[in-house]
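Accompanying notes for the structure given below.
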Amino acid sequence: MSMSISGEPPEHGINDGSGSKCLQHSYENIDNDGKAVTRDESLTEVLISKGVQEVNLISAIVSLGEATTHIASLLQNYVDHSYAGTQNSSGDEQLHLDIDCDNAVFRAIRDAGVFVTAASEETPEETDVRPSSMKNDEEDGPWYSVGFDPLDGSSIIDANFSVGSIFGIWPGERLLGRTGREQVASVVSLYGPRTTLIIALPSKSRDASRGDITFEVTLIKDRSHWEVSRDEVVLKPTKKVFAPGNLRATNDNPKYDALVKHWIQERYTLRYTGGMVPDVYHMFAKSGGVFSNVSSEKARAKLRLLYEVAAMGLLVECAGGMTTHEFEDKSVLDLTVDDLDRRLGVCFGSKDEVEKYKQFMFSK
């Protein structure tokens with residue numbers, strides 16, 4: 001049996017990355033009447049106003065806006081949340097919806113013509129997505145690679161909770177061996193009462209003298225236009241709001257147990273849905289807080305560095321927050337993607353709140 005780079009057999013939850021459309025759930029109606037054009041133009045204008053000059057990077061981010069629009073349509077019209085009969089490499093049962101959302105992203109990034117390599121939680125191998133017109137890696141570049149989770153929170157979608165998509169953009173043609181610090185942008189989509197994008201741009205991706213920024217745009221006017229809804233997202237140093245993931249680990253991780261009890265005793269406000277995107281996004285909406293997902297011997301880590309953690313970490317740090325590996329005093333952006341399936345626990349959030357996490361979790 002042939003194996004992918006991630007170690008999963010090809011029939012074990014690996015999509016083909018072709019971007020094929022689901023004939024039963026078309027989203028072409030939202031591209032009619034010039035809507036796709038006005039979406040592209042409006043998001044392009046926003047990115048230029050935020051100091052992005054590189055044309056191909058603008059095209060890359062705009063394509064993720066298109067993927068987000070198409071996924072929003074799929075979610076609104078998908079009634080049958082049935083399983084596909086496969087598992088992704090996390091061991092989670094895949095919905096047909098997971099695969100259709102994955103295909104929507106692959107189609108958008110292939111159409112963009114600026115990506116070389118892509119990998120996702122549903123297609124966990126480095127997939128060549130370069131346009132057929134590309135003659136060599138230098139012509140008309142720079143080129144980009146993307147790691148993504150097309151539908152984060154599919155396990156809570158039956159309750160009609162908010163869910164999301166997560167995208168990290170790297171320069172060049174590979175994903176293995178990279179760190180989150182090398183990303184040129186990251187994007188997270190939130191699908192709820194509104195459809196929004198929150199975008200992180202490190203200073204190296206903006207005009208000279210402009211610093212890191214995280215900002216939000218919202219899809220409006222019958223899904224035809226992106227408008228800035230938060231001009232800049234800033235995480236304050238302290239905020240007594242917590243989202244403690246993987247609470248089962250408190251059963252055999254005494255340090256995590258003590259930390260969670262501290263948050264409760266100090267009367268922190270609990271905001272937790274079980275979906276990484278809405279739980280971390282809440283911090284952006286409220287200008288602070290702390291999100292943790294800690295593992296133990298009996299409750300192993302499930303978050304992926306490539307598909308989830310690196311992109312979300314860039315958003316947090318560009319907003320002035322802090323990130324750390326669950327057991328090591330190190331930013332998640334400095335961890336290497338040495339395996340497409342690398343999993344870990346994390347803490348994200350306001351600087352003082354993450355420092356408090358370190359005091360509890362890194363003490364001797």
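Residues in the range 327-356 that are more than 23 Å from the chain's Cα centre (by Cα) and of a type outside the set (Asp, Glu): LYS356 alone. The condition of being touching a strand residue (DSSP E or B) at 6+ places or on another chain (Cβ under 6 Å) and free of Cβ contacts under 8 Å to residues at least 60 places away in the same chain holds for only one of VAL354, VAL346, that being VAL346. Would you confirm whether or not the range 287-302 contains a residue that is in contact (Cβ under 8 Å) with a residue 24 or more places away in the chain, open to solvent by 10 Å² or more (accessible area, probe 1.4 Å), touching a helix residue (DSSP H, G or I) at 6+ places or on another chain (Cβ under 7 Å) and not in a loop (DSSP other than H, G, I, E, B)? No, the range 287-302 contains no residue that is in contact (Cβ under 8 Å) with a residue 24 or more places away in the chain, open to solvent by 10 Å² or more (accessible area, probe 1.4 Å), touching a helix residue (DSSP H, G or I) at 6+ places or on another chain (Cβ under 7 Å) and not in a loop (DSSP other than H, G, I, E, B).
Consider the range 209-247 and keep the residues that are of a type in the set (A, V, I, L, M), assigned to a strand (DSSP E or B) and surrounded by fewer than 20 Cβ atoms within 10 Å (Cβ to Cβ). The one that is farthest from the chain's Cα centre (by Cα) is ILE220.
If you go through the range 248-272 and keep only what is open to solvent by less than 80 Å² (accessible area, probe 1.4 Å) and either in contact with a strand residue (DSSP E or B) (Cβ under 8 Å, 6 or more places away or on another chain) or outside any loop (DSSP other than H, G, I, E, B) (or both), you end up with ALA249, THR250, LYS255, TYR256, ASP257, ALA258, LEU259, VAL260, HIS262, TRP263, TYR268, THR269.
Of the residues in the range 305-321, none is without any contact (Cβ under 8 Å) to a residue 60 or more places away in the chain and either over 17 Å from the mean Cα position of the chain (by Cα) or open to solvent by 20 Å² or more (accessible area, probe 1.4 Å) (or both). Taking residues in the range 193-215 that are more than 26 Å from SER162 (Cβ to Cβ), and partners anywhere that are charged (D, E, K, R) and in a loop (DSSP other than H, G, I, E, B), the pairs with Cβ atoms closer than 8 Å and at least 6 places apart or on different chains are PRO202/ASP212; SER203/ARG210; SER203/ASP212; SER205/GLU54; ARG206/LYS50.
If you go through the range 127-163 and keep only what is open to solvent by less than 10 Å² (accessible area, probe 1.4 Å), β-branched (Val, Ile, Thr) and closer than 15 Å to LEU75 by Cβ, you end up with just VAL163. Within the range 273-286, the set of residues being in a loop (DSSP other than H, G, I, E, B), open to solvent by 10 Å² or more (accessible area, probe 1.4 Å) and small (Gly, Ala, Ser) comprises just one member, GLY274.
Could we say that ILE166 is at pLDDT below 95 and either in a strand (DSSP E or B) or open to solvent by less than 30 Å² (accessible area, probe 1.4 Å) (or both) here? Considered against the rule, which asks whether it is at pLDDT below 95 and either in a strand (DSSP E or B) or open to solvent by less than 30 Å² (accessible area, probe 1.4 Å) (or both), ILE166 comes out as no. Considered as a group, the residues in the range 192-204 that are out of contact with any Asp or Glu (no Cβ under 7 Å at 6 or more places or on another chain) and either in a loop (DSSP other than H, G, I, E, B) or hydroxyl-bearing (Ser, Thr, Tyr) (or both) include one that is least open to solvent (accessible area, probe 1.4 Å), and that residue is THR195. If the condition is being open to solvent by less than 10 Å² (accessible area, probe 1.4 Å), touching a Pro at 6+ places or on another chain (Cβ under 9 Å) and under 16 Å from THR336 (Cβ atoms), then the range 169-191 contributes only GLN183.
The values are calculated or read from the model by the stated rules, or taken from the named source; none is laboratory data. Only a predicted model underlies this, so the values are computations on that prediction, with no experimental measurement involved. Here the Cβ is made from the backbone with ideal geometry for all residues, glycine too, and neighbour counts use every protein chain on show. SASA here: full protein model, heavy atoms, side chains in, ligands and nucleic acids out. Shrake-Rupley method; radii C 1.70, N 1.55, O 1.52, S 1.80 Å.
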